[in-house]
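The structure under discussion appears below in the form of structure tokens.
We did not get these values from a lab; they are worked out from the coordinates using the rules stated. It should be emphasised that the depicted structure is a prediction, and the values quoted were computed from it without experimental measurement. When we count neighbours, we look across all protein chains shown, and the Cβ atoms used for this are built from the backbone with ideal geometry, even at glycine.
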Amino acid sequence: MTFGAFLLTCLAAYAGCALIALAQLSNRQRVYGRSVPRLSVGVALLRRSAGAALLIGAVAIVLAQSGASFGVPLAILLVSGAAYGVMATLAWAPGLFRFGRTAA
Amino acid sequence: MSDQGGREALRWLHTWLGLALGSLLFAIFWMGTLAVFDREIDRWMMPATRASGPAAPFSADATWQRFGAQATGSPLWVLTLPSDREPFARIQFAPNGSEARAARIDSSRKGIPLPRERLAIVLVDPATGAVIPDPGTKGATGFFFPFHWHLMLGQGGIGQWIVGLAGLAMLISIISGVIIHRDIFTQFFTLRTGKRGGRLTLDLHNAAGVLAMPFHALIAFSGLAIFYFLYFPAPLDATHPGGERQLFLESRAGYSRPQANQPGGVASLDKMIAESQTLWGGGAAARVTITHPGDANAYVEVNRTVDDRVPNDSRPVYFDAATGSRLKFAGIRPIATAQRYIAGLHFIGFDHWLLRWLYFIFGLVGCGLIATGALFWVQRQKKVGGSSRVMALAEALTVASTTGLIGATCAYLVANRVLPAGLAGRANAELLVFVVAWAGLAIHALLRRGRAWSEQWGFAALAAFAAVALNAVTTGDTLFRTISAGDWAVAGTDLTLLAGALISGWACIRLRRPSASPLPGVALESLSQ
């Protein structure tokens, strides 16, 4: 797997997990504060779908680069790693998800 | 059964499986995590094997001519060729007068009728041809790995059964854990670092379990799938009267024939290797085995390396030893292919460094999962006012089986560097140090309630740092030198030990603060009551 593909996979998986996490009210409150409104059902579904699409994209990159044999365990572990990355960001540096805005 | 009743029943199951087998599971997971880099740790523990690899292509014929005479009368002669992870040749056979000489391979029902651990070993530096002196240690491949899969209780398969039971308990705990985790989706990315008491511990346990669940399930299931023939003997007995051996021969394209009790020679092994590589369509040979060496009916098995693939399928090719003519080369059966892939996911014999490091890191996450589960139970019982004697025992057991085991492992590595090279029974002396250190740390955990956690993290930090320093002093292979020389096996082990020392030291200091209780939310003073 090339370094570029590895980086792209990690970014896509991280972004996918972040989108899914930030569709959840408790996680949005960590980032924007207690007064942040709940997302509408449609917007939440859209964000989760976009997140899922990014995750599928990340898995596809891994499988394309590494083949099915190595790709399966690699995809599992890289996606889990991205999830841990999002969890750590929410726990210790939630402001990183704010992108300068006070509420999304 | 109502949803609540079902959930409570599973919570009871999850709790008691964890309590009963948690310590054992931690040991299995810890040793398995270390075994991910067993060959690299071997290079660290066996300085004489830090060879640089063959100067020219390695000749199996020259090795047979040099070492083959001792093998006449031995059931097997095994040559493991040098590789990137093991840059030396290994020759194994049953020497004259050894118990292994009497092994009857053809009449055995066992899948592996003569385990290679029972054979004498000669190590050869491929660059110089010199015999490498006995390393005097079991290293990681001889201790961490076997401890992982049979707890050093290989006789009669007892250890494999215990480990299998623990693996099954792990699978059940994973499934029950998902069901009893009421808010699994809303708390998917939750880690409340500001919370005290059992809340943070439970968050850590959930994070370690949920986010890495595919890995934990994969490891537990694949571990059980490796020994399917042991755990499900009834179908095997019904379909294969010849036992495991018949199953292996049929499903994995094996070959066997009895000896003729007539003398016979061995044709060119290098030519057999070359022919095998052509049949495989590329790929290096990993091992050459001569069965009944010196007999007219001797045959040669050439195994392919699995460095470049996940399935643990070495695609054996069989040759008549005397003439070099091919006897058999066939693909393995479809179900065996699937089993070999699943087994390969567990064995990680492949040469994929990113994947190997990910397995190591997630193995440590698995250790954390088990440890936080036990810790959470102790915290909860303290909160609900459980018996202080039971609490003391439970906490001591948790400490001994987690930080105690880590400390004992570091002591094992220190012993490897400290014990004299020529000491008789050196390998067993290292194991004795491991056992004594573990027992001592267990007693320490009982006697030093409330402080055992920080003190044992401190012990692990000191021992890990000492191991790195002693490696530099006793071998001259400082970190600078090994990194400059590109000896990443030794440098990686040193760097990982240093990282472990730093993390352990941080944990020790963090837990020693007056406000920091080893059980968050429970005041330090109350632990001594």
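Cross-link partners of residue B:138 among lysines, defined as those whose alpha carbon lies under 30 angstrom from its own and excluding same-chain residues fewer than eight positions apart: B:110. Listed by chain and number, the lysines whose C-alpha is less than 16 Å from the C-alpha of residue B:383, apart from same-chain residues fewer than 8 away, are B:195.
For chain A, list the DSSP H helices whose alpha carbon atoms reach 24 Å or more along the long axis and whose average Kyte-Doolittle value is 1.0 or above? Span-like helices here: A:3-21, A:41-92. Could you tell me how many degrees, from 0 to 90 and to the nearest 10, lie between the Cα long axis of helix B:452-475 and the main elongation axis, the longest principal axis, of the Cα atoms of chain B? Its long axis makes an angle of about 30 degrees. Here the spin labels are modelled as points 7 Å beyond Cα on the Cα-Cβ line, and at residue B:307 and residue B:337 they lie 2.5 nm apart. Using the Cβ-Cβ distance between residue A:98 and residue B:277 with R0 set to 51 Å, the FRET efficiency from 1/(1 + (r/R0)^6) comes to roughly 0.30.
Other protein chain C-beta atoms within 10 Å of residue C-beta, averaged over B:214-223: 2. Using the alpha-carbon positions of the range B:105-237, Rg (one decimal) and Dmax (whole number) come out as 21.7, 65 Å.
State the Cα centre-to-centre distance between the range B:304-319 and the range B:64-130 in whole Å. Value for the Cα centre distance between the two parts: 19 Å. Counted residue by residue at 0.36 nm each, then reduced by the alpha carbon distance between them, the extension gain from residue B:7 to residue B:390 reaches 135.3 nm. Would you mind pulling out the separation of the Cα centroids of the range B:164-205 and the range B:388-461, in Å? For the range B:164-205 versus the range B:388-461, the Cα centre distance is 28 Å. Mean residue ellipticity at 222 nm, helices only, chain B: -18000 deg cm²/dmol; runs of at least 4 DSSP H residues each add -39,500 (n - 2.57), and the sum is divided by the number of residues.
In nm², what is the average projected area of the convex hull enclosing the Cα atoms of chain A? Result: 6.6 nm².
Each of B:236, B:205, B:274 was placed along the dipole of chain B (beta-carbon charges, centred on the mean Cα), and the one lying farthest toward the positive end is B:205. From a point 7 Å beyond the Cα of residue B:255 in the direction of its Cβ, which residues of the range B:276-293 have a backbone N at a distance under 17 Å? The answer is B:276-281, B:285-293. Three semi-axes describe the equivalent ellipsoid of chain B; taken as square roots of 5 times the Cα gyration tensor eigenvalues and ordered largest first, they are 45, 28, 20 Å.
Given a Förster radius of 56 Å and the C-beta distance between residue B:478 and residue B:296 as r, what FRET efficiency does 1/(1 + (r/R0)^6) yield to the nearest 0.05? So the FRET efficiency works out to roughly 0.55. Model label points for residue B:326 and residue B:183, set 7 angstrom from Cα along the Cα-to-Cβ axis, are 6.4 nm apart.
What does a probe at residue A:26 reach in the range B:199-236, counting residues whose amide N is under 17 Å from the point 7 Å along Cα→Cβ? B:199-212, by backbone N distance to the label point.
A straight chain from residue B:193 to residue B:446 at 0.36 nm per residue would run longer than the Cα-Cα distance by 88.2 nm. Between the helical axis of B:488-512 and the dominant principal axis of chain B, each derived from Cα atoms, what acute angle in degrees is found, rounded to the nearest 10? Roughly 10 degrees, rounded to the nearest 10. Helices in chain A, meaning DSSP H runs of at least 4 residues, each add -39500 (n - 2.57). Divided by all residues, the mean residue ellipticity at 222 nm is -27000 deg cm²/dmol. For chain B, the relative contact order works out to 17 percent when only alpha carbon pairs closer than 8 Å and six or more residues apart are counted.
The angle between the Cα long axis of helix B:158-180 and the longest principal axis of the Cα atoms of chain B comes to about 50 degrees, rounded to the nearest 10.
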